[in-house]
Amino acid sequence: MIKKFLMTPGPTQIPPQVLLAMARPIIHHRTGEYSQLFARVNDNLKYVFQTKNEVLSFASSGTGGMESAVANLCSPGDRVLVAAAGKFGERWRDLAAAYGLDCRYLEYDYGRLVDPDDISRSLEADPGIKAVFVTHSETSTGVVNDMKAIGAAVAGNAAVLVCDSISGMGSAEIRTDAWGVDVVVAGSQKALMIPPGMAFVSVSSKAWALAEQSTSPKFYFDWLKARKGLSQPQPTTAFTPAVSLVVGLDAALSLIREEGLENLFARHIILGRACRAAIKALGLELFSPDDDRSSSVTAIRIPDGIEDGKLRGLTRDKFGVQLAGGQGPVKGKIFRIGHCGYYNYTDIIVAITALELALKELGQPVELGSGIGAAEKVFAESLA
Ligand SMILES: Cc1ncc(COP(=O)(O)O)c(C=O)c1O
């Protein structure tokens, strides 16, 4: 028997409480019962986003939330700035192109951080820039950008700051209001612990002012329609919501509330730290920085002589542990262990055990137990 164990940065494992909630008979979305649930979910989303702004929800994958930001904030020909250091940062550039925007592009190598000073300089040089698009947790590299510093770089400029925190929200801290992030996009299938299929977008008053003027084509993703739904005495969505996912989200958010944001971020920091300690003890090289900010996903260089497909194929097919591969220029060069969401200390041990055994089988000179020992030490220290 193979027991399947998902250790990817989305989709992620789902708590049994959430699975059970989603298995309940479906309710109708134009009812008081649904509105009550939806209102509670919206309040709890604001808690996780650390914002007083409205958080809009859409039945789409995370990219839909990103597209909604581009379509609602901008009009064709608008000048925008994209700062990208990986596959998901590039998505902002591609969306800007799809909507006919005039895009200034700050590009960094995969694995690098976005430099807030470059953003300051770009805004100073071109005050006509309307929006700055960045990625919080760059899932393709394991790098988490310093959103506080990026927020400070954009503050005082006319531009709005838009952040993709699809894999960051709920695992790497982002203080939406305190750090001046006008628009934050999150996705359901990462640290929010429900299946794929929903996107969430928080919108500041500065961003609403742009949305009211935008002439880009939009229909389903029209933020004004979404806002109207939320402002009803019985809050709702403009179109049929993903009812069962919202029911699951209600259960997931109450688990987050129970844990508390402080404990939740502390847990993710320890998960990342343990993962990195294990990787180093195994003699492998980290690709993501050896830095506590990298709390959502750990990226690792594939050792010379080892084939990505064989390594991850073994961990999956022989030991049940699904890891993620590299993307873009680092495809085949790195693999990734996701630990955002419903993960605990022992989950890291399971992943590292599979990795050690697979590496050994492929002839890599690893000492069995060295990785899990190093991870255990991190856990023991954190519990002391
Ligand atoms: C940082 C980031 N941005 C965007 C996306 C795209 O989200 P989706 O695949 O849900 O559209 C992902 C998904 O992995 C992501 O991690």
Problem set entry | Dipole of the chain, positive end: most advanced residue of G320, V18, L261 [Cβ charges, Cα centre] | V18
Exercise. Gap in Å between the Cα centre of region 317-361 and the Cα centre of region 157-223?
Worked result: 29
Seminar exercise, completed: Amide H proximity to G325 below 5 Å, modelled H, separation 5+ or other chain, gives R336
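Taking 35 Å as R0, compute the FRET efficiency from the Cβ-Cβ separation of R30 and L224 and round it to 0.05.
On the way: r = 20 Å, r/R0 = 0.57.
Once the sixth-power term is evaluated, E becomes 0.95.
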For this session: Between R175 and S231, take the C-beta separation as r, use R0 = 35 Å, and let me know the FRET efficiency to the nearest 0.05.
Result: 0.85
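Where does each of D182, D115 land when they are ranked from fewest to most other beta-carbon atoms within 10 angstrom?
Values: D182 26, D115 18.
Ordered from fewest to most neighbouring Cβ atoms within 10 Å, D182, D115 come out as D115, D182.
For the chain, what does the equivalent ellipsoid look like in terms of its semi-axes, each the square root of 5 times an eigenvalue of the Cα gyration tensor, given largest first in whole Å?
Taking √(5λ) for each eigenvalue gives 35, 26, 17 Å, largest first.
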Seminar exercise, completed: With DSSP loop assignment and no more than 16 other C-beta atoms within 10 Å, the trypsin sites (Lys or Arg not before Pro) in region 1-73 are K3, K4, R30, K52
Exercise. Applying the Karplus parametrisation 6.51 cos²θ - 1.76 cosθ + 1.60 with θ = phi - 60° to the phi angles of region 284-292, what ³J(HN,Hα) value in whole Hz is obtained for each residue in order, glycine and proline being reported as x?
Worked result: 8, 9, 6, 9, 6, x, 7, 8, 4
Exercise. Restricting attention to the alpha-carbon atoms of region 260-383, what are Rg (one decimal) and Dmax (integer), both in Å?
Worked result: 13.6, 44
For this session: List F133, F49 from most exposed to least, where exposure is judged by having the fewest other Cβ atoms within 10 Å.
Result: F49, F133
Exercise. How do S68, S60, S188, S35 line up, fewest other C-beta atoms within 10 Å first?
Worked result: S35, S60, S68, S188
Problem set entry | Reachable lysines from K333, criterion Cα separation under 25 angstrom, eight or more residues apart if same chain | K4, K87, K190, K280, K310, K318, K360
Exercise. Using helices alone, what [θ] at 222 nm do you get for the chain, with -39,500 (n - 2.57) per DSSP H run of 4 or more residues, divided over all residues and rounded to the nearest 500?
Worked result: -13000 deg cm²/dmol
For this session: Step through the residues of region 166-180 one at a time and calculate ³J(HN,Hα) from phi using the Karplus curve (6.51 cos²θ - 1.76 cosθ + 1.60, θ = phi - 60°), rounding each to whole Hz and writing x for Gly and Pro.
Result: 4, 9, x, 3, x, 9, 10, 5, 9, 9, 3, 6, 4, 9, x
Seminar exercise, completed: For region 30-44, Karplus-derived ³J(HN,Hα) couplings (6.51, -1.76, 1.60; θ = phi - 60°; whole Hz; x for glycine and proline) come out as 9, 9, x, 4, 5, 4, 5, 5, 5, 5, 5, 4, 4, 4, 6
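Readers should treat all values here as calculations from the given coordinates under stated rules, not as data from a laboratory. This one's a predicted model, so the numbers in the text were calculated from it and none came from an experiment. Note that we place each Cβ from the backbone using ideal geometry, even for glycine, and neighbour counts take in every protein chain shown.
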